[in-house]
Amino acid sequence: YEVMSCSSCLLSKTNSCYNEKCEIEQSYTEGSSWKAFEVKDKVWLGNEDENTSVQEHHSHAVPFAFGCQVAEEGLFKEQYADGIIGLSMYTQTLAGTFHQYNSIPHESFSLCFNKVGGYLALGGAVQNHMAPMQFTPFAKKNTWYYSVTVNSVYVGSHKLPGVFMQYMNDFKGTIVDSGTTDTFLPVKIAKPFVKAWEGISGRTYSNNLQLYTYEELRKLPTITFELVGGLRWEVEPLNYMEDVSDNTRLSLAPFHGKRGFISRMYVNEPKGAVLGSNAM
């Protein structure tokens with residue numbers, strides 16, 4: 001790989017130089033952060049077998065600039081993955097670079113998450129959907145993040161008062177961010193949200209560890225975000241409630257006794273909202 005010199009930095013307008021290297025750093029909503037120096041190398045998407053990967057996919061390799069991390073904080077210290085791929089609306093992302101070198105037909109990507117993994121498709125979308133695709137326009141243009149407009153929020157079948165939707169859409173708006181693990185809603189909708197959730201579940205809403213029986217867990221409401229164009233984005237309890245009793249469990253099969261769960265849907269964002277990967 002090639003270490004980028006201070007005269008050829010690509011990844012940040014606010015970078016700094018140290019020992020003739022381009023230094024970059026990034027912080028995230030839930031508190032994680034990293035620092036790195038900028039390098040460039042040939043990159044392509046392959047598979048686990050190195051020989052097959054080279055033979056079948058090397059022809060799609062592109063010179064790609066990325067950061068070699070030298071410091072990590074927060075979830076980066078604990079998670080299985082040892083890095084993060086940026087997919088923002090920025091020229092130096094993987095999708096943008098692949099398109100620039102004609103390795104993919106469109107500067108686009110799609111994500112499909114499930115309990116055992118999922119798909120990342122560059123240049124288009126995976127076609128084996130369980131339901132027809134729905135679309136909503138971006139709320140803001142000329143930004144690096146993906147922002148959508150939320151018309152309504154439902155806790156179960158209860159619709160929150162429309163006057164609170166201004167807080168979902170102010171500042172940066174509601175950002176769709178697979179790089180943020182959890183979901184964050186504006187603090188100004190906390191009272192009606194918590195009141196509706198507690199009324200349906202019969203439990204106190206908390207982001208601390210709580211014990212649930214299977215019957216109690218089944219009573220928890222689905223959270224639905226209705227976006228411009230009529231798209232209904234449903235976040236089921238199994239997605240926003242983290243099972244800390246058994247992280248290897250892949251389905252909500254009936255269980256005996258009680259298990260420990262933590263709600264990873266926070267209602268404390270100062271402005272706007274973030275729909276993280278647990279909402280996808």
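See the values below:
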{"quantity": "Straight-distance crosslink candidates among aspartates and glutamates, where the alpha carbon sits under 16 Å from residue 140 and sequence neighbours closer than 8 are dropped", "calculated": "170, 177"}
{"quantity": "Accessible surface of region 1-115, 1.4 Å probe, proportion on carbon and sulfur as whole %", "calculated": "48"}
{"quantity": "Those GluC sites (Glu not before Pro) in region 150-223 that DSSP places in a loop and that have at most 14 other beta carbons within 10 Å", "calculated": "none"}
{"quantity": "Relative pair counts by distance (%), Cα atoms of the chain, 5 Å bins", "calculated": "1, 5, 10, 14, 16, 15, 14, 11, 7, 5, 2, 1, 0"}
{"quantity": "Solvent-accessible surface ranking, highest first, for 20, 30, 236 at 1.4 angstrom", "calculated": "20, 236, 30"}
{"quantity": "Free-standing Cys residues across the chain, given no other cysteine C-beta under 4.7 angstrom", "calculated": "68, 112"}
{"quantity": "Within the accessible area of region 136-198 (1.4 Å probe), percent carbon and sulfur", "calculated": "57"}
{"quantity": "Rounded Å value of the spacing that divides the Cα centres of region 101-160 and region 172-235", "calculated": "19"}
{"quantity": "At most 10 other Cβ within 10 Å, DSSP loop - trypsin sites (Lys or Arg not before Pro), region 60-149", "calculated": "141"}
{"quantity": "With all protein chains modelled, accessible area of residue 49 [1.4 Å, Å²]", "calculated": "80"}
{"quantity": "The chain - accessible surface per residue (Å², probe 1.4 Å)", "calculated": "59"}
{"quantity": "Net charge of Cβ neighbours under 9 Å - reference residue 6; Lys, Arg +1; Asp, Glu -1", "calculated": "0"}
{"quantity": "Entries of 191/219; 42/172; 21/42; 77/188 with Cα pairs more than 30 Å apart", "calculated": "42/172; 77/188"}
{"quantity": "Cα radius of gyration and Dmax for region 156-278 (Å)", "calculated": "14.6, 45"}
{"quantity": "Solvent-accessible area of residue 145 with every protein chain in place, 1.4 Å probe, in Å² to the nearest 10", "calculated": "30"}
{"quantity": "Accessible-area ranking of 72, 50, largest first, probe 1.4 Å", "calculated": "50, 72"}
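The values are calculated or read from the model by the stated rules, or taken from the named source; none is laboratory data. As the structure is a prediction and not an experimental result, all values here were calculated from the model. In this analysis, Cβ positions are derived from the backbone assuming ideal geometry, glycine residues included, and neighbour counts consider all displayed protein chains. Ligands, DNA and RNA are stripped out before the accessible areas are found, and what is left, the full protein with its side chains, is counted by its heavy atoms. Shrake-Rupley method; radii C 1.70, N 1.55, O 1.52, S 1.80 Å.
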